[in-house]
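**Student:** One structure, pasted below without further comment.
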Ligand code: TXA
Ligand code: MG
């Protein structure tokens, strides 16, 4: 499959959107920008087209896809929309949130990996919205990386993973948010965040009165335990170099990371550091995470890819507080580090 296509990467214009919409209507797969990460889209109502997403990504068939829409009016055809879900939509859509709702039979089982709920998301990125409107189809789309690779936040990342595997990548620039949408299960008594993102549990609770966070968000699954969100079960976001996160008081973290780095015996170790702490690592290879959790969210996947490009075989990363969007960042970093987290 790998050289089936000459993959084109085009800026979002009326012309490229028209071609992308034609491809989608014809049952092909197209990568497109969203405000979170790039998505790999196909017609959600066409099983064969959706099958091509799983093939291009090498994604396990038991990991369900999110369905992307541009108009709230499209939603009741696809799933059951509760009043609470409607309020959530009014507050945060379009935006970086995915709501799990009881699915209607029109959604093929391949999209939801046979689950009874479907994830619905209204991306806010103008390019994504224009594409959804141009094709006028519900678009199933996971992140546009190869399975287990960090999610792509630039068109170039998509090209790295998808060259020869899909016909077209729409280039809409750097993704603003940088981590994937908040996944919130709206099918039970209480909204439950299964994957944290830029819409925080606090923000959801402010609208719904209550919001829980699945406890699998910040710990590895136990042997034999089933994940509420199948994506959390699979190996994820992995850079090639083994990664360790160090959390705690800034000074102690810097000291510990210097020791770990100096004693690692690695060929090419690197440090992921907050901007202000970089001078503390003088003489060591350091990549800049940014100044705050928003910058970290924006940068983290690009940095994990950068580490791979540089041939890094060992990564030491500063942890941050898991508040606000920091929870989303730590959720992704913890998985990248296979939960190798030290508290100092
Ligand atoms: O920001 C995003 O959500 C991006 C952009 C492209 O929209 N998409 C994305 O999709 O991150 P993906 O497939 O890489 O991650 C979707 C996550 C997976 O962990 C999946 O298991 C979970 O959402 N998920 C989707 N539908 C589900 C369902 N019905 N029940 C439980 N988990 C579900
Ligand atoms: Mg993904």
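Where a number appears in this text, it was derived from the coordinates with a stated rule and is not lab data. Quick caveat, the model's predicted, so the values are computed rather than measured. Glycine also receives a Cβ, built like all others from the backbone with ideal geometry; neighbour counts cover every protein chain displayed.
**Student:** Of the residues that sit in segment 178-194 and are closer than 15 Å to residue 118 by Cβ and in a strand (DSSP E or B), which one is farthest from ligand 1 (Cβ to nearest atom)?
**Tutor:** 184
**Student:** Something else now. Could you check how many residues of segment 1-55 are free of Cβ contacts under 8 Å to residues at least 12 places away in the same chain and not in a helix (DSSP H, G or I)?
**Tutor:** So the answer is 2.
**Student:** Do we have any residue at all in segment 89-100 that's in contact with a helix residue (DSSP H, G or I) (Cβ under 9 Å, 6 or more places away or on another chain), crowded, with 19+ Cβ neighbours inside 10 Å and farther than 25 Å from residue 126 by Cβ? Spell out the reasoning first.
**Tutor:** Here is the first cut: in segment 89-100, the ones in contact with a helix residue (DSSP H, G or I) (Cβ under 9 Å, 6 or more places away or on another chain) are 89-94, 97, 99.
Subsequent filtering for residues that are crowded, with 19+ Cβ neighbours inside 10 Å retains 89, 92-94, 97, 99.
After this cut, where a residue has to be farther than 25 Å from residue 126 by Cβ as well, the list is none.
Checking segment 89-100: not a single residue is in contact with a helix residue (DSSP H, G or I) (Cβ under 9 Å, 6 or more places away or on another chain), crowded, with 19+ Cβ neighbours inside 10 Å and farther than 25 Å from residue 126 by Cβ.
**Student:** Looking at segment 96-113 only, could you name the residues that are within 10 Å of ligand 1 (Cβ to nearest atom) and assigned to a loop (DSSP other than H, G, I, E, B)?
**Tutor:** Scanning segment 96-113 gives 96, 107, 113.
**Student:** Could you tell me whether residue 301 is over 16 Å from residue 247 (Cβ atoms), in contact with a helix residue (DSSP H, G or I) (Cβ under 8 Å, 6 or more places away or on another chain) and not in a loop (DSSP other than H, G, I, E, B)?
**Tutor:** Working: over 16 Å from residue 247 (Cβ atoms): yes; in contact with a helix residue (DSSP H, G or I) (Cβ under 8 Å, 6 or more places away or on another chain): yes; not in a loop (DSSP other than H, G, I, E, B): yes.
Yes: the conditions hold for residue 301.
**Student:** Kindly establish whether residue 228 is touching a residue at least 24 places away in the same chain (Cβ under 8 Å), in contact with a strand residue (DSSP E or B) (Cβ under 6 Å, 6 or more places away or on another chain), in a loop (DSSP other than H, G, I, E, B) and surrounded by 12 or more Cβ atoms within 10 Å (Cβ to Cβ).
**Tutor:** Numbers: touching a residue at least 24 places away in the same chain (Cβ under 8 Å): yes; in contact with a strand residue (DSSP E or B) (Cβ under 6 Å, 6 or more places away or on another chain): yes; in a loop (DSSP other than H, G, I, E, B): yes; surrounded by 12 or more Cβ atoms within 10 Å (Cβ to Cβ): yes.
Considered against the rule, which asks whether it is touching a residue at least 24 places away in the same chain (Cβ under 8 Å), in contact with a strand residue (DSSP E or B) (Cβ under 6 Å, 6 or more places away or on another chain), in a loop (DSSP other than H, G, I, E, B) and surrounded by 12 or more Cβ atoms within 10 Å (Cβ to Cβ), residue 228 comes out as yes.
**Student:** Here's another thing I want to ask about it. Regarding residue 199, is this residue within 20 Å of the chain's Cα centre (by Cα), within 14 Å of ligand 2 (Cβ to nearest atom) and either surrounded by 16 or more Cβ atoms within 10 Å (Cβ to Cβ) or not in a loop (DSSP other than H, G, I, E, B) (or both)?
**Tutor:** Details: within 20 Å of the chain's Cα centre (by Cα): yes; within 14 Å of ligand 2 (Cβ to nearest atom): no; either surrounded by 16 or more Cβ atoms within 10 Å (Cβ to Cβ) or not in a loop (DSSP other than H, G, I, E, B) (or both): yes.
Here the answer is no, as residue 199 does not meet what is asked.
**Student:** Consider residue 150 carefully, then state whether it is touching a residue at least 24 places away in the same chain (Cβ under 8 Å) and either part of a loop (DSSP other than H, G, I, E, B) or within 16 Å of ligand 2 (Cβ to nearest atom) (or both). Before the answer, list the steps.
**Tutor:** Values: touching a residue at least 24 places away in the same chain (Cβ under 8 Å): yes; either part of a loop (DSSP other than H, G, I, E, B) or within 16 Å of ligand 2 (Cβ to nearest atom) (or both): yes.
For residue 150, the condition - touching a residue at least 24 places away in the same chain (Cβ under 8 Å) and either part of a loop (DSSP other than H, G, I, E, B) or within 16 Å of ligand 2 (Cβ to nearest atom) (or both) - is met.
**Student:** Conditions: (1) closer than 20 Å to residue 23 by Cα; (2) away from ligand 1 (no atom under 13 Å from the Cβ); (3) outside any helix (DSSP H, G or I). Residue 145 meets all but one. Number of the miss?
**Tutor:** Against the list (1) closer than 20 Å to residue 23 by Cα; (2) away from ligand 1 (no atom under 13 Å from the Cβ); (3) outside any helix (DSSP H, G or I), residue 145 comes up short only on (2).
**Student:** Taking interchain pairs and intrachain pairs at least six residues apart, which have beta carbon atoms under 7 angstrom, with the first residue in segment 285-310 and closer than 19 Å to residue 96 by Cα and the second part of a helix (DSSP H, G or I)?
**Tutor:** Listed by first residue and then by second, the contacts come to 293/326; 293/329; 296/329; 297/328; 297/329; 300/329; 300/332; 300/333.
**Student:** Name the residue that is farthest from ligand 2 (Cβ to nearest atom), counting only residues in segment 154-176 that are in a loop (DSSP other than H, G, I, E, B) and crowded, with 24+ Cβ neighbours inside 10 Å.
**Tutor:** The extreme case among them is 166.
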